[in-house]
1. What three numbers, in Å, describe the spread of the alpha carbons of the range 141-207 along their principal axes, ordered from the longest?
2. Using only the alpha-carbon atoms, what does the range 106-286 span along each of its principal axes? Please give whole angstrom values in decreasing order.
3. Nearest 500 deg cm²/dmol is fine: what mean residue ellipticity at 222 nm does the chain get from its DSSP H runs of n ≥ 4 alone, each adding -39,500 (n - 2.57), divided by its residue count?
4. Taking Cα pairs under 8 Å and at least six residues apart, what relative contact order does the chain come out at, in percent?
5. Please give the length that would be gained between residue 240 and residue 256 if that part of the chain were fully extended, namely 0.36 nm times their separation in residues minus their C-alpha to C-alpha distance (nm, one decimal).
6. Could you check which residue among 200, 255, 107 shows the biggest mean-square fluctuation in a GNM of the chain with a 10 Å Cα cutoff?
7. Any chance you could tell me what percent of the C-alpha pair distances in the range 61-182 go past 17 Å?
8. Between residue 173 and residue 18, what is the spin-label point distance in nm, taking each point 7 Å from the Cα along the Cα→C-beta axis?
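We did not get these values from a lab; they are worked out from the coordinates using the rules stated. Note that the coordinates shown come from a computational prediction; the quantities given were computed from them, not determined experimentally. When we count neighbours, we look across all protein chains shown, and the Cβ atoms used for this are built from the backbone with ideal geometry, even at glycine.
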């Protein structure tokens with residue numbers, strides 16, 4: 001059986017009716033997964049697929065993350081239809097989001113919704129399971145202190161990966177060690193916040209009624225400034241987004257300066273995924289220590 005037939009059977013099983021496939025259209029933009037628009041007599045669906053042996057349980061972990069965000073009832077996420085696997089092809093089926101346009105209230109609404117999401121907390125930093133950041137395993141071993149989690153499950157994990165692959169040398173390891181010694185005095189003490197985990201401009205959409213929709217999460221309970229840092233890394237977020245966030249969940253003094261330290265994590269992820277072109281940014285941030 002082809003993956004297309006398996007997908008149609010999965011959709012039919014979920015909605016409880018026979019489904020006829022009209023067309024399959026490839027969608028560009030994904031650097032890790034193949035993505036498609038699945039048009040059927042029962043409407044349109046969005047599909048991601050990849051080699052099951054290459055990224056084990058990637059889509060199952062994404063499904064868990066979407067459900068965790070959905071349960072907060074704070075911000076719109078794609079509706080999950082199903083996951084599956086056939087002939088070493090794993091796939092995730094979501095409801096297809098029809099795109100809309102950004103209206104005047106979009107950024108204030110997005111900022112307030114993210115602020116409210118971050119108010120959902122836990123007794124620990126981390127998660128009950130590991131997941132993925134891009135195509136890399138994201139370690140979510142639980143810690144009671146943010147500094148310990150940030151060092152051991154975020155930065156050290158990526159630094160070791162980069163060193164073992166020859167992307168960085170021991171000088172970078174020493175620079176990170178110096179940063180770690182200062183870390184306790186950098187971040188304000190706050191409760192763990194449920195974060196999207198990979199909140200750059202490519203991971204949100206505007207649906208057909210003008211609402212923000214967040215996609216492709218890498219969730220965990222962490223410091224809420226991590227999401228804001230990622231939003232700044234490649235731009236694309238309006239100032240009203242940050243103003244509205246601050247109105248609904250005020251940030252501690254110095255948050256703008258701290259975002260660069262948050263971004264050491266996604267920058268090291270990019271070093272490991274795409275090579276050394278991001279190392280200059282890492283080096284510049286660490287040079288302060």
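1. Cα spread of the range 141-207 along its principal axes, largest to smallest: 46, 29, 21 Å.
2. 50, 31, 31
3. Numbers: 11 runs with 114 residues, N = 289.
After summing the helix terms and dividing by the residues of the chain, the value is -11500 deg cm²/dmol.
4. On the way: 485 pairs, mean separation 53.2, N = 289.
Relative CO of the chain lands at 18 percent.
5. On the way: separation 16, 0.36 × 16 = 5.76 nm, distance 1.48 nm.
Contour length minus Cα-Cα distance gives 4.3 nm.
6. Checking each option, the largest mean-square fluctuation is seen for 255.
7. Values: 5336 of 7381 pairs.
Value for the range 61-182: 72 percent of Cα pairs lie more than 17 Å apart.
8. With each label point 7 Å from Cα toward Cβ, the separation is 6.4 nm.
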